[in-house]
Each structure stands twice: as structure tokens, then as C-alpha cells.
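Take a look at the structure set out below.
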Amino acid sequence: MTQPTHIRAMGDETENAHTVKAIEQFIYRAHSLDKVELLSRVLQARDRGLVLIFTRTKRAAARVTDELVERGFAAAAIHGDLGQGAREQALRAFRHGNVDVLVATDVAARGIDVEHITHVVNYQCPEDEKTYVHRIGRTGRAGNTGIAITLVDWEDMPRWSMIDRQLDLGIPEPVETYSSSEHLYAELDIPSDVSGYLPNAKRTRAGLDAEELEDLGETGRSGGHRGPGGGGRDGGRGGRDGGGRDGGRGGRDSGGRGGRGGRDSGRDGGRDGSREGAVRNGTDGGEASPAASEGEAPRRQRNRRRTRAGEEGSAAPREGAAAPDASSNGSGRSAASAAGDASNLREGGETRRPRRRRRRGSGQGGGDATATAAATSAAE
């Protein structure tokens, strides 16, 4: 190893130049709100074959595809939110000519090798120069020529300046272009009488539905319509609705919620029955109503009766009735006051009107005055 040999692989200096020579590149500074209108004019250029459109995000790919389909173009999308079956369906339709516009993201478009692609459109500016070369390399293959169109937004100007400097394209400042610009029609050979919608006479493509969607058993979004009862997402949802979710909910509504209603009605019915039984049997019996629901403890009856002093026919206290509690601080009725009230009862159940007592003060002094008045009335 005293005389090492250095081997260095050098790229051809004309490699990028050959790519640029085979592919005619157009760079336009376009407004984001006018890109779809501009793109619809580009797709109506003369001698246009298959078109591959690149976007940076999956959401942008889906949105551009929907806009083009609404305008009458046969377009399909390939991005990460689609299942493998839906991506294969879009590629088959693109190869067979049923769809002539394919909208794809950078990751989903890797490895795409389709012949007769005449136009490549960078709907959004690429991230770097390598991505740019990879995108425009989808056209101009096998000795053919192609057209690469890049739409640069105002916010993407720093990124494009870096790409232009790395690839030495000589277009640092793209021309500001709109869908009505005359140089757009002249450079891309677009008829001057076209509009943003494809005429009905030129809508001859079969579209994406002409290709059959294969069920590969993936769990991602398919983007297409699966057959009834299929094994995928829609089919699973149908099975859940048919036998699981809605069926269970129906059973719950008929049995579970019905049981809840029965429970509520039984609880309310028992409560109402207890109240009605208590009112119907009177409060002097103190027994639980037989209308109360079985298995539930009877509600405690309140046997308190209030009578005004001097009222005729007031009965004696009921047996078993609790005597009023004596207040420990002198603010309530004392035992002497209770004895004075008992002495007011005459024979035959008649009562005499007690003397009107005046209370002065509160606390212990008020309690002593009440006891003195009660003892005086008892002596009389």
C-alpha cells in the first residue's frame, strides 16, 4: 500500500445540458388563485398527449383533481391517502388512455414509468433541485422531447432562485403570467378561443370508472366505490350498521331503553301510589298504604297536627306521640310550660282560652318569665 491508486467517478458535464436540451422548460410566476384557470388552458394545447402534474401535498393533489374533473377533464390522483387498489386503478387508467391527466405527489410518483407523456406541470415549486430534475425527467424519454412547465408562486421565489442557481438555468426571475397572458398562448401553442372548461365535443375519455377497482385488502382509504357488502371500509361499515351498531342500538332501544322506561315508570308509579295511599287512608292511622309497590320500604308518615288555641274539638295528644323537646338554652318551651298547657284541658275535651302572656327579653330571662306565668296559671 505504498503506492495507492485513486479512482474517481466523474459525471458528464453535458448530462444536465442533454436533459435541458431534450425537455423544453417554461417557468411562470403565477398567482395561487389563478393557477387552476391557467392549468385548464395548458391542458388544451395542440398536440398534447398525457400530462403529469406534481403537487407538494396530498390535499393539493385531491383539490386540483376535483377542480379538473369538474371542468370536464379526465383526471385522476395518486397520493398517500389512497389505498393500493385505488393507486393501481389510477395508473392503469393513465397507461390505457382512459385518463390523460394524472395528479401526483412526489412520494407517490416515484417509480412511475409511463410512455407518451408530453407535458409535466409543476403545480407547486419543488423543494430542491433534485426534486425538480426528478419531476421533469418523467417526460422526454427514449429520445422523445417533452415540455416542462413550472408555476412559481410569489412566496416560492426564494426556493426557485436556489434551484435556478444550482442547475444554472438562467431564469432567476420568472415572467409574471396569468391565464389571459398572450405569451402563454404563443409559447405553448394554445388556441386563443379556449376557455377554462373543456368543450363537450372533446370529452371523449372514458375516465377513471372505466377501470375496475381491485380489492387488495388494504386498510387505507380507497378513494373509489366498493361493491355492496365488500370487505373494505364501506363493506365493514355496512356490516356494522346492518348487524352490529344499528342492530344493537335497535335492541337497546327496544329492550334497554324500554327497561329504563319501565324502571322510571315503576319508580314514579310507586312513589305516586304511596302518596295517594297516604292521602286516601288518612294520616291518623300511621300505617303504610297497600298501594305501595312491593319490595320497597314504606315511606315514613308525618303525624304532626297543628291546631290553633281555643279551637273546639281539639283532641288530646295521640298515644305514642313524641313529646316536644325542651330547649337547653331557654329559648324553647320548658317542662313547666308543657304542664301549664296540659292543665288548660277541661273535662269533656273542652279547652279554655289561656291568658295572654307577655314576654320580655330573650335567653335565660325569657325562660324564667315563661315558667313563672305557667306556675301562676296552674295554681288558679
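Where a number appears in this text, it was derived from the coordinates with a stated rule and is not lab data. All values derive from a computational prediction rather than experimental measurement. Glycine also receives a Cβ, built like all others from the backbone with ideal geometry; neighbour counts cover every protein chain displayed.
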Between Glu155 and Thr5, the FRET efficiency computed from the C-beta separation at R0 = 45 Å comes out, to the nearest 0.05, as 0.35
Placing each pseudo-label 7 Å from Cα in the direction of the beta carbon, Ser180 and Arg357 end up separated by a distance in nanometres of 10.5 nm
Expressed in nanometres to one decimal, the distance between label points 7 Å along Cα→Cβ at Thr204 and His96 is 1.8 nm
Among segment 66-104, those whose backbone N falls under 18 Å of a label point 7 Å along Cα→Cβ from Glu212 are 84-98
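Among Ser192, Ser40, Ser161, Ser180, which comes first, then next, by fewest other beta-carbon atoms within 10 Å?
Ser192, Ser180, Ser161, Ser40
Just to verify a number: FRET efficiency for Glu70 and Arg299, C-beta to C-beta distance, R0 = 56 Å, to 0.05?
Numbers: r = 71 Å, r/R0 = 1.26.
Efficiency, from the Cβ-Cβ distance: 0.20.
May I ask you to sort His79, His96, His6 by Cβ crowding, counting other Cβ atoms within 10 Å and putting the fewest first? The partial results should precede the final answer.
On the way: His79 25, His96 11, His6 4.
Final ranking by Cβ density, sparse to dense: His6, His96, His79.
Arrange Thr2, Thr131, Thr57, Thr139 by Cβ neighbour counts within 10 Å, fewest through most, would you? If you can, show how the numbers build up before the last one.
Numbers: Thr2 3, Thr131 16, Thr57 13, Thr139 24.
With the sparsest Cβ surroundings first, the list reads Thr2, Thr57, Thr131, Thr139.
Could you compute Rg(Cα) / (2.2 N^0.38 Å) for segment 17-218, with N its residue count?
Values: Rg = 16.3 Å, N = 202, 2.2 N^0.38 = 16.5 Å.
Segment 17-218 yields a ratio of 0.98.
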Karplus ³J(HN,Hα) for segment 206-215 (6.51 cos²θ - 1.76 cosθ + 1.60, θ = phi - 60°; Hz, whole; x = Gly/Pro) runs 6, x, 5, 5, 5, 9, 7, 8, 7, 8
